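Where a number appears in this text, it was derived from the coordinates with a stated rule and is not lab data. The structure presented is a predicted model; accordingly, all values stated were derived computationally and were not measured. Cβ coordinates were reconstructed from backbone atoms using ideal geometry, including for glycine residues, and neighbour counts include every protein chain displayed.
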Amino acid sequence: MAEREVFLVAGARPNFMKVAPILRAMEAAGGSLQPRLVHTGQHYDEGMSDVFFRQLRIPPPFIHLGIGSGTQAAQTAKIMMAFEELLLTRDPKRAAVVVVGDVNSTMACSLAAAKLRIPVAHVEAGLRSFDRAMPEEINRVVTDAVADLLLVSEESGAANLRAEGIPESRMRMVGNVMIDTLTAELETARATKAWSKHGVRERNYVYVTLHRPSNVDDGDKLRRIIGVLNEIAESLPVVFPVHPRTQARLKENDLAKEIAKGIIVTEPLGYHESLSLVDSARLVLTDSGGIQEESSVLGVPCLTLRANTERPATVVHGTNTIVGDDPDAVMPHVREILSGRMKKGGPIPMWDGRAAGRIVAALVEEWEARG
Ligand code: UD1
């Protein structure tokens, strides 16, 4: 059987934990599909990229496109140009592309490949927040429109795709590949006891992550959020690793000085440290998609500071509560949880640590069969 190169795209932090198990499963499968990891360089810092390669034992990429930061259009355009240049050196009949998640790299690489008639598979297809103010929502809609194979992580994804008129033949329910990495790494993560390094006790702190433009780009809103964190810190210590976007906004608005002493501010954390801190928290407050998923699987109460979620399985089956995007709505939920009233959650269908095997089986069925 003729070989086919499969370009597996990763660009930003949340992509790395998704590509790691897919890459391993493709390598284990052998066969005619040859994985080629592409790092677009959307994220590039040690703490936003390299640490994940090390901790998740991801081999160095086949190619690093070195794109870096930029406005939405500039970053997307640069990724498209660089990825197209790579694809143009390949035989389109012997190439395929796998993209994961919803970051700018996901959409840019899907578009570049689709226009060269190179087949594209999208891992985490069909998720919708129905909020076009989120750059990720545009990325999701566009990627699903041009991808050939839509690999769905939860029931809502399939329902959304059906509602958009996508035929069943393009979809496969494969489950959530993030949970493969969580399952594989949990023991190592727990052994880091990351909470102890921040001077807090197990189940006795709140873990906070915030980086969405809708929460941090507006100085007044960010100030109100800091006010809420300060209020939480009167009851329990808060561990708050600060994303570079949030760091920049804190600086621009001169807000660092308003952060109370009970808030332990850190640099962005590695995968193991962050997972350990989610696992041992009393509660999590976040606007991250991945942390909504991790806390649900670990049974830790999660408050999501957003008006919506594209991951409703975490609310329906898991421990996630959508607070809304008004920071004033947070404290009543925090008090409830601290008084012992909280969602317990249960298992989420196909979030079982075996999604990568199903993803690779779907790729083999589609792409080996076509020869
Ligand atoms: C991106 C994704 C978002 C994801 C998030 C996780 C898009 C549209 N957004 O948002 O979905 O949840 O990653 O982190 O793709 N920066 C650094 N070092 C880095 C990377 C970025 O300092 O390694 C700074 C730069 O100042 C940059 C800013 O962070 O301008 C934002 O980076 P960018 O990739 O544009 O978006 P994120 O907010 O990280």
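Annotations
- A single member of 238, 177, 200, 206 is farther than 22 Å from residue 333 by Cβ and of a type in the set (A, V, I, L, M), and it is 177.
- The number of residues in the range 6-44 that are over 15 Å from residue 86 (Cβ atoms) and not in a loop (DSSP other than H, G, I, E, B) comes to 18.
- One residue alone among 144, 148 is closer than 27 Å to residue 72 by Cα, within 16 Å of the ligand (Cβ to nearest atom) and either acidic (Asp, Glu) or buried (at least 18 other Cβ atoms within 10 Å of the Cβ) (or both), and that residue is 144.
- For residue 163, the conditions (1) more than 28 Å from residue 56 (Cβ to Cβ); (2) out of contact with any Pro (no Cβ under 7 Å at 6 or more places or on another chain); (3) aliphatic (A, V, I, L, M); (4) surrounded by 14 or more Cβ atoms within 10 Å (Cβ to Cβ) all hold with the exception of (4).
- Some residue of the range 254-264 being touching a residue at least 24 places away in the same chain (Cβ under 8 Å), surrounded by fewer than 21 Cβ atoms within 10 Å (Cβ to Cβ), out of contact with any strand residue (DSSP E or B) (no Cβ under 9 Å at 6 or more places or on another chain) and aliphatic (A, V, I, L, M): yes
- Candidate set from the range 12-48 (those that are under 19 Å from residue 180 (Cα atoms) and within 10 Å of the ligand (Cβ to nearest atom)); member that is nearest to the chain's Cα centre (by Cα): 14
- Options 89, 40, 106: the member that is under 30 Å from residue 2 (Cβ atoms) and exposed (fewer than 14 other Cβ atoms within 10 Å of the Cβ): 89
- If the condition is being part of a strand (DSSP E or B) and either without any contact (Cβ under 8 Å) to a residue 12 or more places away in the chain or within 16 Å of the ligand (Cβ to nearest atom) (or both), then the range 89-107 contributes 99, 100.
- Taken over the range 112-125, the criterion of being surrounded by 20 or more Cβ atoms within 10 Å (Cβ to Cβ) and more than 12 Å from the ligand (Cβ to nearest atom) is satisfied by 112, 113, 118, 119, 120, 121, 122, 123, 125.
- Scope the range 322-371; condition among the aliphatic types (A, V, I, L, M), assigned to a loop (DSSP other than H, G, I, E, B) and touching a helix residue (DSSP H, G or I) at 6+ places or on another chain (Cβ under 6 Å); matching residues: 323, 348
- Test: residue in the range 336-348 that is crowded, with 19+ Cβ neighbours inside 10 Å and at positive phi: yes
- When the range 155-181 is filtered for residues that are of a type outside the set (A, V, I, L, M) and either touching a residue at least 24 places away in the same chain (Cβ under 8 Å) or in contact with a Ser or Thr (Cβ under 7 Å, 6 or more places away or on another chain) (or both), the ones remaining, listed by number, are 155, 156, 157, 160, 172, 175, 176, 180, 181.
- Any hit, the range 126-148, residues being outside any helix (DSSP H, G or I), among the β-branched types (Val, Ile, Thr) and within 20 Å of residue 290 (Cβ to Cβ): no
- Identity of the residue in the range 166-184, crowded, with 20+ Cβ neighbours inside 10 Å and out of contact with any Leu (no Cβ under 6 Å at 6 or more places or on another chain), that ends up nearest to residue 274 (Cα to Cα): 182
- Tallying residues that are part of a loop (DSSP other than H, G, I, E, B), buried (at least 16 other Cβ atoms within 10 Å of the Cβ) and among the hydroxyl-bearing types (Ser, Thr, Tyr) within the range 201-253 yields 1.
- If you go through the range 259-287 and pick out every residue that is closer than 13 Å to residue 240 by Cα and not in a strand (DSSP E or B), you end up with 13.
- If the condition is being assigned to a helix (DSSP H, G or I) and within 29 Å of residue 273 (Cβ to Cβ), then the range 45-88 contributes 46, 47, 48, 49, 50, 51, 52, 53, 54, 55, 75, 79.
- Residues (surrounded by fewer than 21 Cβ atoms within 10 Å (Cβ to Cβ) and in a helix (DSSP H, G or I)) located in the range 291-303: 298
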